[in-house]
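In what follows, a structure is listed as structure tokens, so that the remarks can point back to it.
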Amino acid sequence: MGNLTGRDLLSLADLSGAEILALLNLAKQLKSGEIQPDFQRKTLGLLFRKASTRTRVSFSVAIHQLGGHVIDLDPSVTQVSRGEPIEDTARVLDRYVDVLAIRTFAQAELETFAKYCKIPVINALSDLEHPCQALADLQTVEENFGKLQGLTLTYVGDGNNVAHSLLLGCALVGMNVRVATPKGFAPDPAVVAQARSLAKNSEVIVTNDPKLAAQSAHVLYADVWTSMGQEAEESQRLPIFQPYQLNAELMALADRDSIVLHCLPAHRGEEITADVIDGKQSRVWDQAENRLHAQKALLASILS
Ligand code: CP
Ligand code: NVA
């Protein structure tokens, strides 16, 4: 069932390239129904400090389909929102549930949970990374092209959590990755350096030129220009990001057989045009579906 027993997933770089490929293979078998593992009596706790549709629902359905249960540890109705220390919350939850998926702001909070819990902790999105999203993204790319190695993924927009996990994930599986952002919105240099050190025979390019980045790409990827927690900057960001819109003009520069991904939620007319996200090269609904299969694989592997 995989070999990630008891492991945390705080960053996609917590996995090796081989471990990611093994998870994708497991996800494929789960998706086809070839295997049906049973994790009766296992409980997944969801502690989400930010809104979520896909991650929340796909994790809940994933553990249900594996025979286990989910508990919603909504911070607003637990003592978390009244200031109980994370160190104490972590040590208590550790005694009740078998695995925790946490969506929060600071990566440091995830690290504290992981430090004080013996059970595995999964990053369900932080300001720094979104590793579960990147697993589903890679599964979707693999499904379409029958391979990952040697393909080029171009991300246009904000150098955010999604961009960070894609940088690391692509580097780990041997894909070329290009990230095009406005000046001042580049990905974290430490993450870029980490991706470069992980990449063996593939390129990691960070640029301000979306057209250059899109040339001959196999995958074009967009995410929101304003992430959760940045709402106050939204009106300032709109004009800055306009040249980074994923539209037909940018698509025309990519490979003829290229596909379009977006982690969702999408804002048509902002980071992506309606004709592109709803067009024939778009794979966003398969990508959203794959959140379920990839996370089922992840849960099965760490609970086994
Ligand atoms: N892509 C993603 O993580 O979506 P949610 O915010 O709806 O979970
Ligand atoms: N970058 C986005 C991703 C949402 C799934 C955010 O953090 O809001």
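Where a number appears in this text, it was derived from the coordinates with a stated rule and is not lab data. Please read all numbers here as calculations on a predicted model, not as lab measurements. Glycine gets a Cβ as well: all are built from the backbone with ideal geometry, and neighbour counts include every protein chain shown.
Laid out as a table, the results:
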item: Ranked by how many other beta carbons lie within 10 Å on average, peptides 41-50, 129-138 from highest; result: 129-138, 41-50
item: Built amide H within the under 5 Å cut-off of Ile205, gap 5+; result: Val177, Arg178, Val179
item: Ranked list, fewest to most other Cβ atoms within 10 Å of each Cβ, for His69, His293, His164, His64; result: His64, His69, His293, His164
item: Packing-based order for 76-86, 219-229, using average beta carbon neighbours within 10 Å, highest first; result: 219-229, 76-86
item: Rg/Rg_globular for the range 263-304, with Rg_globular taken as 2.2 N^0.38 Å and Rg from C-alpha atoms; result: 1.55
item: Compactness relative to 2.2 N^0.38 Å, alpha carbon Rg of the range 66-223; result: 1.20
item: The range 213-304 shape via C-alpha gyration tensor axes, a/c threshold 1.5; result: oblate
item: Cβ-Cβ FRET estimate between Ala108 and Leu238, R0 fixed at 25 Å, reported to 0.05; result: 0.25
item: 19 Å Cα-Cα reach of Lys183 towards lysines, excluding residues that sit fewer than 8 places from it in its own chain; result: Lys211
item: Distance between modelled label sites at Lys200 and Asp278, nm, 7 Å Cα→Cβ extension; result: 4.4 nm
item: Given charges at beta-carbon only (K, R positive; D, E negative), |dipole| of the range 80-172 in Debye; result: 160 debye
item: Label-point separation, Thr53 to Leu212 (7 Å along Cα→Cβ), nm; result: 3.6 nm
item: 26 Å Cα-Cα reach of Lys28 towards lysines, excluding residues that sit fewer than 8 places from it in its own chain; result: Lys42, Lys147, Lys200, Lys280, Lys296
